[in-house]
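Novice: The structure under discussion is supplied below as structure tokens; questions concerning it will follow.
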Amino acid sequence: MSKIIDFPAEKISKGMHPTYPEMGDRPVNTQLEADFIGKYYYVSSPFKLQTNRGIKFLCILSGAHAPLDKRLTGWYSYQVTAKAMEKLKESYSIGRKVLLD
């Protein structure tokens, strides 16, 4: 696993920051982490997000829901619609791993 670019998350510009691990990209230390599956984004956050119609709380990542990336243990997991994700992009820096087909 490649080392994370350790730059303070609050200093990274807001918006989506995709990384391509298969091409040797290193992940960036962002405020939120996101994956896109089906028609929803699944967002992991170290702090609580305000839930509403577009943002649904799922669980805290630990135990049975332990993530592969151990630094995300204890983070909050949310299901987010595309429209709500656009609002989150305006407020937070969001990292996303993109795998090639």
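The values are calculated or read from the model by the stated rules, or taken from the named source; none is laboratory data. Everything numeric in this text was worked out from a predicted model, so none of it was measured. Don't worry about glycine lacking a Cβ; one is built from the backbone with ideal geometry, like all the others, and counts go over all protein chains shown. Just so you know, the surface numbers come from the protein's heavy atoms only, side chains and all, with ligands and any DNA or RNA stripped out. Shrake-Rupley method; radii C 1.70, N 1.55, O 1.52, S 1.80 Å.
Novice: Looking at Tyr20, Tyr92, can you tell me which residue is open to solvent by 30 Å² or more (accessible area, probe 1.4 Å), of a type in the set (Ser, Thr, Tyr) and modelled with pLDDT under 90?
Specialist: Details: Tyr92 fails: modelled with pLDDT under 90.
Being open to solvent by 30 Å² or more (accessible area, probe 1.4 Å), of a type in the set (Ser, Thr, Tyr) and modelled with pLDDT under 90 holds for just one of Tyr20, Tyr92, which is Tyr20.
Novice: Please go through the range 51-89 and give me each residue that is open to solvent by 30 Å² or more (accessible area, probe 1.4 Å), among the aliphatic types (A, V, I, L, M) and touching a residue at least 40 places away in the same chain (Cβ under 8 Å), ordered by number.
Specialist: Selection gives Ala82 alone.
Novice: May I pose another question? Taking Leu58 as the residue in question, decide whether it is modelled with pLDDT of 85 or more and part of a strand (DSSP E or B).
Specialist: Yes.
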